[in-house]
Amino acid sequence: MAALQTTPPSVSAAIAALVGLALVGSLLGAIGSAVVRRLGNPVGKYRLLYGAVLFPYTLLAYAVFALTGFGAAVLTTLPAAPDLVTGILVDFVTFLAAGCVWIVSYLPTVRGIRDVRDVDLATSTSIWKMTRYVIGVSALLTVVLVPLQVGSIESSPLALAVGLVALVLGMLYAAPWLISILRSTSTPTGDTADRVERLRHRAGLTVRDVRILDTENEETAETLVRGPPNYRRLFVTSTFLDVFDDEAASALLAIEAGKLRAHVFEVRVGTVLVAGIALIASVTDIGPRWPLLGLSLGSVFVGFWLSQRRIRAADEYAAEKVGRTTVADALGEYAEVHALEPTRRRIPNPLSIKVALGDRIDRLRTASEQ
């Protein structure tokens, strides 16, 4: 899947490509971090730096490695193996190389994010956790691509698209277990378990079980629910339980419950799948190119619009559960904990899958005053 070139480069050329892309990535991270630290709302801008600059650059690095046969070149130094095993190893090495580029690009930003958030996050700890995550994701993506190494699925773009949809949905349903493998988690016990149960009950959040993510160093106060409808697992960070009182915590969990009821996550995944399949079909000439490209772009706009509407619906659900003022105050506390400045927009951004945090707070407060 990854090795698309029949004559891969030499090992020295492959290493040179890795070093070159990593150096450029480190420069992007360093320059981006220096710029972001001087801007308003730097934490929000760091998130933009990761999502709009460093992650796309990592995808570009992966494309370069895949197209030039990086993995095959590295494996020439190893003894010969069956084609299936070789294909799997090539994919893993290629993903791992792209992950290395991401880590090197991310490294210069650690000090900056630590300073703007004023958290005690050691660079070595942060890089170790990121390295563990990259290795795990690389192995996971490699396993996902194993079916594509067998049979003739690669020869049919339509079959490839259908296979990818099935694999993506499978990964999403397996997310409760995958997250526990990729991150350090624990099961709440004693008073902590009782408190989480009380908070869930007040928020109207129904899940099968709960796991706590260790984020003491990062001080990231987040919640996440993943899994199929009959097996929802709630992930809460240790910081979330430490920094928020019961009022704020129950309000934020109620928003999570509202997102489940409004199917926010499913809308986002569906948007990616529809846009991706239409794009694959357009570039492989399965159908008319321009209409399919228009469908891909249109589905993105529609999906983003739906996602924003569903987020507002989730806020409304939370407001019904715990009160509008409580939800607005909780979102304000969330921003304060993460050193975020709640952004506001006069005109909604059609290219954003989220609603500006400041607009959500203002909407809740305005409605509560009426």
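Derivation of every value follows stated rules applied to the coordinates shown; laboratory data play no part. Given the structure is predicted, the values throughout are model-derived calculations rather than measurements. Every residue, glycine as well, gets a Cβ built from its backbone with ideal geometry; the counts of neighbours run over all protein chains shown.
Each Cα pair under 8 Å and six or more residues apart adds its separation to the average, and for the chain the resulting relative contact order is 14 percent.
If Rh is defined by the Kirkwood formula over all Cα pairs and Rg also comes from Cα, what ratio Rg/Rh do you get for the range 244-290? Present the calculation step by step, with values, prior to reporting the outcome.
Values: Rg = 18.4 Å, Rh = 13.2 Å.
With Rh from the inverse mean 1/r over Cα pairs, Rg/Rh is 1.39.
In this structure, the amide hydrogen of Asn41, modeled 1.01 Å from its nitrogen in the peptide plane, lies closer than 5 angstrom to no residue at least 5 positions away or on a different chain.
Which log10 I(q)/I(0) values does the range 175-292 give at q = 0.09, 0.19 Å⁻¹ under the Debye formula, counting every alpha carbon as one identical point scatterer? Rounded to two decimals, the profile gives -0.34, -0.98.
For Asp194 and Leu172, compute 0.36 nm times the residue count separating them, minus their Cα-Cα distance, and round to one decimal in nm. Before the final figure, lay out the partial values.
Values: separation 22, 0.36 × 22 = 7.92 nm, distance 2.84 nm.
Between Asp194 and Leu172, full extension yields 5.1 nm more.
When the Cα atoms of the range 31-146 are aligned to their principal axes, the ranges along those axes come out at 54, 26, 24 Å in descending order. Distance between the modelled labels on Leu67 and Glu266, one decimal in nanometres: 3.8 nm (7 Å Cα→Cβ projection). Got a sec? Which residues in the range 111-127 would a label at Ala34 touch, if it sits 7 Å along Cα→Cβ and we count backbone N under 17 Å? Within reach of a label on Ala34, which here means backbone N under 17 Å from a point 7 Å along Cα→Cβ, the range 111-127 contributes 111-113.
Run the reach check for Lys259 against lysines, Cα to Cα strictly under 25 Å, same-chain hits fewer than 8 apart removed. What comes back? Partners found: Lys45, Lys321, Lys354. Projected label points at Val85 and Thr343, each 7 Å from Cα along the beta carbon direction, are separated by 4.9 nanometres.
Please give the length that would be gained between Phe55 and Asp120 if that part of the chain were fully extended, namely 0.36 nm times their separation in residues minus their C-alpha to C-alpha distance (nm, one decimal). Please report the intermediate quantities before stating the final value.
Working: separation 65, 0.36 × 65 = 23.40 nm, distance 2.48 nm.
My answer for the length gained is 20.9 nm.
With the radius of gyration and the Kirkwood radius both derived from the Cα set of the range 270-315, what is their ratio Rg to Rh? A ratio of 1.14. Taking amide H atoms as placed 1.01 Å from N in the peptide plane, the amide H of Arg211 lies under 5 Å from those of Leu234, Phe235, Val236, each 5 or more residues away in sequence or on another chain. Just tell me, in residue order, which DSSP H segments of the chain are both 18 angstrom or longer along the helix axis (alpha-carbon based) and at least -1.0 in mean Kyte-Doolittle hydropathy. In the chain, the long hydrophobic H runs are 11-36, 55-68, 83-117, 123-145, 157-173, 246-262, 264-283, 289-322, 324-337, 357-369. Straightening the chain between Ala313 and Asp242 buys 22.8 nm, computed as 0.36 nm per residue apart minus the Cα-Cα spacing.
Expressed as a fraction of 2.2 N^0.38 Å, the value expected for a compact globular protein of N residues, the C-alpha radius of gyration of the chain is 1.07. The alpha carbons of the range 287-351 stretch over 51, 27, 21 Å along the principal axes, in descending order.
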